[in-house]
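Take this structure, written in structure tokens, and hold onto it; I'll ask about it next.
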Amino acid sequence: MATESRSPLDPACSRASTALIAAFPRDLDRETLAALESHCASCSTCAAEFAQARDQELLLRAWSVPAPSSRSTDRFVAAIAIDGAQRAVCARKREALEHALRDERFDPQVAALRAHVATCAHCAEAWSTDHVADRLLRAWPAPTPPHGFVDAVLARLRVSGLLHGAPLRMRMAWAAAAAILLGTFAWLGFGVLPAPTSPPVAVVDVEHAIDRFGGDVHVVNVMNAQFPAGIGSFAPTAVALERAPSQPGAGFHRALRKVRRDAAGGDQR
Amino acid sequence: MHDVPEQIIERARAGDESAVRAIVEHLQVPMYQTVHRLIGGRLANDVEDVTQEIFLKVFRTLDRFDPRRGVRFTTWVYAYVKNHCFDLLKKRRLNAISLDAEASSTGDDMQPRFEPEGATLQPSDQMSAAEIDRLVRAAVDELPEDQRVAFVLREYQDLDYREIAQVMECSEGTVKSRLHRAREALRQRLRRLKV
């Protein structure tokens, strides 16, 4: 660009140049355009710049762009309408991310879902608020069972007859073995141990106590109870007390009262 | 939570006290806490008794448990927990309605309604356990029963979708749907408290 006629210090040239840099001639306000044209009438350099700017403007404005196709138009319309639908999509994405995170499974979509939640303003805010609520839910305390709970359950199971010290079949086998052994002794007439002269009330009562209290009442106690006047002489309730748990609960006492009532009433099961 | 070994269950079936004790000790805390979370809002004083009754039911019907059906023992027990708790709530609800029809205008559960909108509680990291319990309890108690069960079993007992579906006798998809609705409902209710 020729600069012989332009003085770098010429304020008029400076203003003209500034105006032409800032905007196309068509965009200049009337006052500025009038001043520029007036200056260009006496300044060939600025006049050349002005002419060049006009040519560029005309060239750019003549650049034609094809109109969008109907498909593009549809996409634009859909994009405008997407705001309402986007909320539902966002909610589904958050839900999917939640499930994926909770399942702790590796899923290539998790990264994409995380990115969406991080970049979508609506989801990011909802996610952040939800996390606060989730923390509160996770912090919900729950008490532990009171002391003695297990013993209380076992006591109720015993009273219901659902609990035995040993399997029922084993107890019956031991009782049968004891009866056979006693019968053999009596038949052989060793005379060491007197044969029972009455129905085995004591045995039944001890069995009754075993049912109620479980525990580790041994077979030998059953045999001893056959001979109340002999080796071991103790009432079935005393046997139960010896084998009772160290801190019997309410269930134990209820069962004990029942055993005593049964024994007093002659209930031999 | 690891499951109860099969041999322990077999011995418990036979009435072996040590095996029964092992099972009760293993399950007492999760069962007690689940019962507390499901019904503690309405029947706080009955949680211990209810849990004991559930144990009795479990051991009375222990013969019905068959591991070959692909159900874990703990999952099988949770089905008892769910059924017993909601049968109880239903019974109490019906009794409450029949005894005092004027008590509840909606005929709904007799429980205090959730905090109204605009409550000014502001949580902080120093919230007491009692306060958290009050807030979360009020929100959870408002959930429908199916959503409440799914949420409690998933969030606090770590059951997976398949196990919850077995407890609730529905599909895994239904479980996911109930869980999602439960979480959304809880978050909304907690948001109202500016949590």
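Coordinate-derived values only; no laboratory data. Please read these numbers as outputs of a predicted model, since none were measured by experiment. Cβ placement follows ideal geometry from the backbone for every residue including glycine, while neighbour counts extend to all protein chains displayed.
Loop only by DSSP, 10 or fewer other Cβ within 10 Å of the Cβ. Give me the GluC sites (Glu not before Pro) in the range B:135-195 that pass, ordered by residue number. It would help to have the intermediate numbers written out before the result.
On the way: sites: B:E142, B:E145, B:E155, B:E163, B:E169, B:E172, B:E184; in loops: B:E142, B:E169.
Here the GluC sites (Glu not before Pro) that fit, given the DSSP loop and packing criteria, are B:E169.
Next question. Taking the Cβ of A:V117 as the center, what net charge do the other residues with Cβ under 9 Å away carry, scoring Lys and Arg +1 and Asp and Glu -1?
Details: positive: A:K93, A:R94, A:R114; negative: none.
Value of the local net charge: +3.
Calculate the FRET efficiency for A:I180 and B:D66 from the Cβ-Cβ distance with a Förster distance of 30 Å, rounded to the nearest 0.05. Provide the component values of the computation, followed by the final result.
Numbers: r = 38 Å, r/R0 = 1.27.
Approximately 0.20, to the nearest 0.05.
Fewest first, what order do A:I180, B:I39 take by the number of other Cβ atoms within 10 Å?
On the way: A:I180 10, B:I39 22.
So the ranking, lowest neighbour count to highest, is A:I180, B:I39.
When Lys and Arg each count +1 and Asp and Glu each count -1, what net charge do the other residues less than 11 Å away from B:V35, Cβ to Cβ, add up to?
Details: positive: B:R37, B:K82; negative: B:D46, B:E48, B:D49, B:E53.
Net charge around B:V35: -2.
Run the quick spin-label model on A:E37 and A:R92: label points 7 Å from Cα toward the beta carbon, then report their separation in nm to one decimal.
Between A:E37 and A:R92, the simple spin-label model gives 6.1 nm.
Can you give me the distance in nm between label points at B:E25 and A:A124, each placed 7 Å from the Cα along the Cα-to-Cβ direction?
Those two pseudo-labels are separated by 5.3 nm.
Please rank B:R137, B:R189, fewest neighbouring Cβ atoms within 10 Å first, as an exposure proxy. Intermediate values should be presented prior to the final figure.
Working: B:R137 17, B:R189 20.
If I rank by nearby Cβ atoms, fewest first, I get B:R137, B:R189.
Could you work out how much longer the chain between B:S128 and B:R181 gets when fully extended? Use 0.36 nm per residue separation minus the Cα distance between them, nm to one decimal.
Numbers: separation 53, 0.36 × 53 = 19.08 nm, distance 2.74 nm.
Here the answer is 16.3 nm.
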